[in-house]
Amino acid sequence: MTGFEFDAELWLYPGKGGWHFVTVPPDIARQIRVTAEPKTRGWGSEPVIARTGKTQWTTSIFPDKASGSFLLPVKAEVRRLEKLAAGETIRIHLILGG
């Protein structure tokens, strides 16, 4: 499994649902496109295992046309456990193939 580590700002999606994301940095996104398995999942998503602080979760990253990168959803439970809020820069450990 391929892993990546980066810092990114946690942001709140302006639509319904209160979803929070981090945008994967462009250089990491390029590496993911080269490394990832052929697209077999919906919307071009890639399964991942993510970790910030001491909290790990399984999710998927999704391609984002606006940024040309991928978006990583950060679950409410993760934000609660790690005391995170939109606007903070957080360290993410990402493993492809979650």
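The values are calculated or read from the model by the stated rules, or taken from the named source; none is laboratory data. Values in this document were obtained by computation on a predicted structure and should not be read as measured data. Glycine gets a Cβ as well: all are built from the backbone with ideal geometry, and neighbour counts include every protein chain shown. Areas reflect the complete protein model, heavy atoms only, side chains present, ligands, DNA and RNA absent. Shrake-Rupley method; radii C 1.70, N 1.55, O 1.52, S 1.80 Å.
Residues checked against (1) surrounded by 17 or more Cβ atoms within 10 Å (Cβ to Cβ); (2) out of contact with any His (no Cβ under 9 Å at 6 or more places or on another chain); (3) over 11 Å from residue 10 (Cβ atoms):
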| site | (1), (2), (3) |
| --- | --- |
| 49 | no, no, yes |
| 52 | yes, no, no |
| 68 | no, yes, yes |
| 87 | no, yes, no |
| 94 | yes, yes, yes |
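Taking residue 72 as the residue in question, decide whether it is more than 20 Å from residue 18 (Cβ to Cβ), open to solvent by less than 10 Å² (accessible area, probe 1.4 Å) and at pLDDT 95 or above. Lay out the reasoning, then the answer.
Values: more than 20 Å from residue 18 (Cβ to Cβ): no; open to solvent by less than 10 Å² (accessible area, probe 1.4 Å): yes; at pLDDT 95 or above: yes.
When the stated conditions are applied, residue 72 does not pass them.
Of all residues in region 5-23, which are loosely packed, with under 10 Cβ neighbours inside 10 Å and not in a loop (DSSP other than H, G, I, E, B)?
none
Give just the number: which of (1) surrounded by fewer than 16 Cβ atoms within 10 Å (Cβ to Cβ); (2) touching a His at 6+ places or on another chain (Cβ under 8 Å) does residue 79 not satisfy?
Condition not satisfied by residue 79: (1).
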